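**Student:** Questions regarding the structure given below will be posed in turn.
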Amino acid sequence: MKPVTLLVLAVAGALASNLSCSSSTDNSTGSSADAGPAGGPVSGAPDTHCTATVVVDPAACNGDTSAGGAPDEGSAGATNAGGAPDCNQTHDALYGDTLYNSEGDDDDCKYHGSWTSTPIRLNENVTFTLSATNKETSAPLVPLADKVVPLTRLDVYEPCDPNRRGPAQNFSPKIATTAPGVFTVGPIKFDQPGRWVVRFHLYEQCVDGDTSPHGHIAFFVDVP
C-alpha cells in the first residue's frame, strides 16, 4: 500500500476516534440540551391587587426587626373544579397573595418587582434575579442609611407542604447587588418536582409597618 494511502487512512481513523470520544463525553456529562425543558413562573392572571400606592417613609424603619409570618398550611386558596381545596394554589395567610407570572406588586403596594432565573431544574442550583422599584417614585430600591442590601432574604417552600424548604443551602443563599434595584440570590436548589413558592423579603431590618420600608413579594414557581 502506498504511503499516501496509509496517511489518509490514519487521519480518517483519528478523526473517527475523536468524534466517538466527544460523543461519549457529552453523553456522560449530560448537556443542558439533554435536560429537557426548564421550569419557571406559573402563568395566570396579571397582578392587579393594588388600587393605591403606599408612600414609603424611611424614617418609619425604626431599626426594629420583623420576620413576618411563616408559611401557613391552613391558608385559603383556590379550589379545583370539584370544589375541593387545591393546595398547589394556597398562600400564606399572614402575607398577601402569592402571585402568578414573573411580575407584580408587593403585598403592601409599596414596590413593584419582577424576577428571572437561571434554568430551573430538579436538584440543580438556581440563581434568582429580582428587579425592584418604588411604586410611588419608580426609583430603583437602594440601601437605607444603614447600608443593608434592600433584598434581605429569600424563602422557598412547597405550598402543599409548607414545612418543606428544600436543602440546607436554601436557608442562607448569597445575596448581591448587580445594579441599582437589581439583586441576585442563590444558589437555591429544588429537591422535589411540582409547585413551589419563592418569597422575596425587602428591608427586613425594618419594622413591618404601614409606611415602613419593610415589604415582601412572592411568586409561584413550577419545577419539572
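**Student:** Between residue 45 and residue 122, what is the label-point separation in nm under the 7 Å Cα-to-beta-carbon projection?
**Tutor:** 3.3 nm
**Student:** Residues with amide H under 5 Å of residue 135's amide H, sequence separation 5 or more or different chain, H placed in the peptide plane at 1.01 Å from N; which?
**Tutor:** It is 111, 112, by chain and number.
**Student:** I need 43, 114 ordered by Cβ neighbour count within 10 Å, fewest first.
**Tutor:** Taking fewest neighbouring Cβ atoms as first place, the list is 43, 114.
**Student:** Between residue 87 and residue 191, take the C-beta separation as r, use R0 = 22 Å, and let me know the FRET efficiency to the nearest 0.05.
**Tutor:** According to the calculation, E is roughly 0.75.
**Student:** Now for a separate question. Which FRET efficiency value, to the nearest 0.05, is calculated for residue 168 and residue 207 with the Förster distance at 41 angstrom and r the Cβ-Cβ distance?
**Tutor:** 0.90
**Student:** Expected output is a single nm value to one decimal: the length gained when fully extending between residue 148 and residue 53, i.e. 0.36 nm times separation in residues minus the C-alpha distance. What is it?
**Tutor:** Using 0.36 nm per residue and subtracting the Cα-Cα distance, I get 31.8 nm.
**Student:** Can you sort 148, 185, 42 so the residue with the fewest Cβ neighbours within 10 Å comes first?
**Tutor:** 148, 42, 185
**Student:** At a 10 Å Cβ-Cβ cut-off, how would you order 100, 157, fewest neighbours first?
**Tutor:** Ordered from fewest to most neighbouring Cβ atoms within 10 Å, 100, 157 come out as 100, 157.
**Student:** For the range 40-223, how many pairs of lysine residues have a Cα-Cα distance under 23 Å, where the two are 8 or more positions apart or belong to different chains?
**Tutor:** Going through the range 40-223 pair by pair, I get 5.
**Student:** Further question: Compute and list, largest first, the equivalent-ellipsoid semi-axes of the range 40-223 from the alpha carbon gyration tensor, each √(5λ) rounded to a whole angstrom.
**Tutor:** The three semi-axes for the range 40-223 are 25, 19, 15 Å.
**Student:** Kindly state, to the nearest 0.05, the FRET efficiency for residue 62 paired with residue 176, given R0 = 22 Å and r defined as their beta-carbon distance.
**Tutor:** 0.25
Any read-out appearing in this document is the output of simple, stated calculations on the displayed coordinates, not a laboratory observation. Please read these numbers as outputs of a predicted model, since none were measured by experiment. Ideal geometry is used to build each Cβ from the backbone, glycine not excepted, and the neighbour counts take in all protein chains shown.
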